[in-house]
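Okay, handing you the structure first.
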Amino acid sequence: MQNSFYKDSIVLLEGVIAEIMARLDIIRKYKIVHNDRDPIEYITSRVKTEESMKEKLKRKKLPINLETALTKIYDAAGIRIICAYIDDVYTVVKMLKKFKDLKILKEKDYIKNPKSNGYRSYHIVFQVPLDIAGEVHPVNIEIQIRTIAMDFWASLEHEMKYKKNIKNQKMIVEELKRCANEIATTDINMQAIRNMINGKE
Ligand code: 0O2
């Protein structure tokens, strides 16, 4: 079903994910070999489903076609990097920015500037020069980097977004906001404790 919308471009979308995953894998292994801390807990990836892409194009009042999906929407290919601590998130951002061939198209720090609903995450969209048999294809990928706690919250909030006719929605939204603030405080406290354990404070 997905192939019918993305057609031959599925190779590029899966290719860009594989390319970034491979680069991250090498850095992580290199850090471990050199007794440096691996800032990443785990990584997930996905090609946005045809249904979700069409819904997003519609929501943004854009024409529903492949060209627009690949150029005007930045998250047809997406990677999510989950870290234990807030400092790790920024270490990963620095790590990614060291790839000189990746062009930053968009960057949003929803950790320093959380969304009004409480959403926290660091987003970067890169344009990656994907080399396929000597032919370079510029392909966009959205990378979301966040803590385990932020990810836990975002998964539940995302579930609510896609459910219709939820009872007590107003109360749930308020509760989620309260939890987001509690989680943010816990993330900061965990970081502070870790710094103390490691003699940084
Ligand atoms: P899905 O179903 O996860 O793919 P913009 O063009 O900047 O106005 P855009 O392109 O949506 O908006 O960019 P943004 O804000 O960086 O969001 C991109 C993705 O981040 C979203 O994709 C979500 O995955 C995630 N995200 C952003 N805001 C929220 C939020 O409030 N809650 C949760 N749970 N996730 C969020 P999609 O396509 O909206 O959704």
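The values are calculated or read from the model by the stated rules, or taken from the named source; none is laboratory data. Fair warning: this is a prediction, and the values are worked out from it, not measured in the lab. When we count neighbours, we look across all protein chains shown, and the Cβ atoms used for this are built from the backbone with ideal geometry, even at glycine. All accessible areas refer to the heavy atoms of the entire protein, side chains included, with ligands and DNA or RNA removed. Shrake-Rupley method; radii C 1.70, N 1.55, O 1.52, S 1.80 Å.
Looking only at residues that are within 23 Å of the chain's Cα centre (by Cα) and loosely packed, with under 12 Cβ neighbours inside 10 Å in the stretch 160-169, which one is nearest to Tyr110 (Cα to Cα)?
Quick first cut of the stretch 160-169, residues within 23 Å of the chain's Cα centre (by Cα) only: 160-163.
Narrowing the set further to residues that are loosely packed, with under 12 Cβ neighbours inside 10 Å leaves 161-163.
On the way: Lys161: 18, Tyr162: 21, Lys163: 24 Å.
Per the criteria, the residue is Lys161.
Can you pull out the residues in the stretch 118-148 that are charged (D, E, K, R) and crowded, with 19+ Cβ neighbours inside 10 Å?
Across the stretch 118-148, the qualifying residues are Arg120, Glu142, Arg146.
So Asp151 ticks every box in (1) within 17 Å of Gly78 (Cα to Cα); (2) open to solvent by 10 Å² or more (accessible area, probe 1.4 Å); (3) away from the ligand (no atom under 12 Å from the Cβ) but one. Which box is left unticked?
Failed condition: (3).
Looking only at the stretch 104-145, how many residues end up being among the charged types (D, E, K, R), over 20 Å from Lys48 (Cα atoms) and part of a strand (DSSP E or B)? Break it down into steps so the answer makes sense when it comes.
Initially, the stretch 104-145 is screened for residues among the charged types (D, E, K, R), giving 106-109, 112, 115, 120, 131, 135, 142.
Add one more test, that the residue is over 20 Å from Lys48 (Cα atoms), and what stays is 109, 112, 115, 120, 131, 135.
Checking the rest, the ones that are also part of a strand (DSSP E or B) come to 109, 131, 135.
So the count comes out to 3.
What helices (runs of 4 or more DSSP H) completely inside the stretch 3-103 contain at least 3 residues that are in contact (Cβ under 8 Å) with a residue 12 or more places away in the chain, within 16 Å of the ligand (Cβ to nearest atom) and farther than 25 Å from Thr147 by Cβ?
50-59, 66-71
With open to solvent by 80 Å² or more (accessible area, probe 1.4 Å) and touching a Gly at 6+ places or on another chain (Cβ under 8 Å) as the only criterion, which of Arg46, Arg59, Arg37 stands out?
Arg46
Now, a different point. Of all residues in the stretch 97-116, which are touching a helix residue (DSSP H, G or I) at 6+ places or on another chain (Cβ under 8 Å), open to solvent by less than 60 Å² (accessible area, probe 1.4 Å) and under 28 Å from His158 (Cα atoms)?
Ile111, Pro114
Give Ile183, Ile172, Ile188 a once-over and let me know the one that is open to solvent by 30 Å² or more (accessible area, probe 1.4 Å), assigned to a helix (DSSP H, G or I), away from the ligand (no atom under 16 Å from the Cβ) and farther than 26 Å from Asp25 by Cβ.
When all the criteria are applied, what remains is Ile188.
Next up: I'd like to check something: does the stretch 78-98 contain any residue that is under 14 Å from Phe126 (Cβ atoms) and over 17 Å from the mean Cα position of the chain (by Cα)?
yes
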